Amino acid sequence: MIRPVDHIASMSGYALAQLSAPEGARLISLSQNESIRPPSPLVAETAAKAMADGHLYPDPDWQELRQAISELNNLHARDILCGAGSMDLIAAIAVAFADEGRAILTSEHAYPFFRTAAQLARARYDTAPERELTVSVEALLEAVRPDTALVFVANPANPTGTRISRAELLRLREGLPDSVLLVIDEAYGEFADHLGEPLFDLVNRGDTVVLRSFSKAYGLAGARVGWGLFPPAIAHEVRKVMAPNNISAASQAAAVAAVRDQTYMLETCAITASLRTFFCERAMRLGLEVTESHTNFVLMRTGSADRARRIDQCLRDKGIILRAQGGVGLADCLRLTIGSEDDLSLTADLLGAFAKEEG
Ligand SMILES: *Cc1c(COP(=O)(O)O)cnc(C)c1O
């Protein structure tokens, strides 16, 4: 009999929201934090052109992309690694720095892929409690054990949407033992950049990695491109774990074009923020509690797991798919990606009708 290895056999696959609309209804997916709009036409054009050389392997060193990213952020191109989505980098970091003798620590309601990465590495997965759905530096520091090898913090966080300040992250880093690698996942960083607290300089310490993604503000989820800034010694090990030629030529070209059109990306962030405010105001008027979000989604507290389930079903019946959060210990919550004004209005109307029917 052919048997998988134990740690894979005992693992469940990464769960995404069920994406299907009822007969005849248009599917409105507000479940995966995809961008509110497609990338700029220039991006698609550049990617298509890259396919003219589709018989050749892509640049395994992502040189043009690293150059574009480093120029934009004033970084050294050599300290950048690019992944097929930042998930690629998260998994590679876990496999390179954790194993069955080590633990990965993160926050209570953290991004679920951190757990998947721990399972891939066979590492123990530890969590520290949050305070008001926000990462607690004290709790994380208290939860460090002698075998803690990695700490993952998404900032802003998913699914809560909350963030902690640069000062808090520095306090975390300074409180962690030197032997612990801190990974700050800034997949939503572009939505918070206007706050003026970039973290890239922390990487110079040699014990911290900062990750970013093209999937969210840049609207390139379909291209699968992420990147990270690494201390050289850490990058050296992570690179060994990654498949060569991991990002297609079309995707690399798309990401370069996207980096070079900052105006478009910043406009996407501005549109998203204004529609987020629009939706939050309507949700609050309906008596729904919504977290203060610094991302392209909001987390709604519905009051109970049962009510969350009923609201989810009621919206699903109309083709609107949100993301339930039982998997991260927030069964009373639903996460909604900021979509078009029409889709958000329709969702708010249905939420209002649901509340009325409830009496
Ligand atoms: C969406 C997301 C990612 C990333 O994804 P990729 O599409 O793999 O770049 C990483 N971290 C968090 C917290 C996310 O929400």
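The values are calculated or read from the model by the stated rules, or taken from the named source; none is laboratory data. Everything quoted here is computed from the prediction, not taken from an experiment. As a convention, Cβ positions derive from the backbone with ideal geometry for all residues, glycine included, and neighbour counts pool all protein chains shown. For accessibility, only protein heavy atoms count, side chains too; no ligands or nucleic acids. Shrake-Rupley method; radii C 1.70, N 1.55, O 1.52, S 1.80 Å.
Quick notes
- Karplus-derived 3J(HN,Hα), 6.51/-1.76/1.60, for each residue of region 148-162, Hz, glycine and proline x: 5, 10, 9, 10, 9, 10, 8, 9, x, 8, 10, x, 6, x, 7
- Using a Gaussian network model of the chain in which every pair of alpha carbons under 10 angstrom is joined by a spring, one finds that among Ser251, Ser165, Ser213 the greatest mean-square fluctuation is at Ser165.
- Using a cutoff of 8 angstrom between alpha carbon atoms and counting only pairs six or more residues apart, the relative contact order for the chain works out to 24 percent.
- Close amide H contacts of Trp227 (hydrogens built in the peptide plane, cut-off under 5 Å, sequence separation of 5 or more or a different chain): Gly83, Arg212, Ser213, Phe214.
- When only the Cβ of Lys, Arg, Asp and Glu is charged (+1, +1, -1, -1), the dipole of region 298-357 relative to its Cα centre reaches about 260 debye.
- With every protein chain in place, the chain: carbon and sulfur % of accessible area (1.4 Å): 52
- Semi-axes of the equivalent ellipsoid for region 90-218, Cα gyration tensor, largest first, Å: 21, 16, 15
- Residue among Gly101, Val151, Ile164 farthest towards the positive dipole end of the chain, charges placed on Cβ: Gly101
- Here the gap between Gln67 and Asp317, fully extended at 0.36 nm per residue and compared with their Cα-Cα distance, gives a gain of 85.3 nm.
- With K and R counted +1 and D and E -1, the other residues having a Cβ less than 12 Å from that of Leu275 yield a net charge of -1.
- Distance from the C-alpha centroid of region 77-111 to that of region 290-359: 30 Å, rounded to the whole angstrom.
- In plain terms, the chain from Asp342 to Arg205 could stretch by 44.7 nm, reckoned as 0.36 nm per residue minus the Cα-Cα distance.
- 14 Å reach of a label modelled at Asn245, 7 Å along Cα-to-Cβ, counting backbone N of region 51-88: 53-62
- For region 10-90, the solvent-accessible area of protein heavy atoms averages 59 Å² per residue (probe radius 1.4 Å; ligands and nucleic acids excluded).
- In this view, the solvent-accessible surface of Leu220, computed with a 1.4 Å probe and all protein chains in place, comes to about 10 Å².
- Helical mean residue ellipticity (222 nm; -39500 (n - 2.57) per DSSP H run of 4+; nearest 500) of the chain: -12000 deg cm²/dmol
- Placed amide H near Glu108: partners under 5 Å, 5+ positions off or other chain: Ala128, Glu130
- In terms of overall dimensions, the chain has a Cα radius of gyration and Dmax of 20.5, 63 angstrom.
- Solvent exposure of region 214-359 as accessible area per residue, Å², 1.4 Å probe: 42
- Global geometry of region 298-358, whether rounded, prolate or oblate, following the gyration tensor of its Cα atoms and the 1.5 cut on a/c: oblate
- The lysine pair count for the chain, using Cα distances under 30 Å and pairs eight or more places apart or on different chains, is 4.
- Considering only Ala253, Thr347, Thr291, the residue lying farthest towards the positive end of the dipole of the chain is Thr347, judged by Cα position with unit charges set on Cβ.
- Given charges at Cβ of Lys, Arg, Asp, Glu: the chain dipole, positive-most of Val137, Ile90, His7: His7
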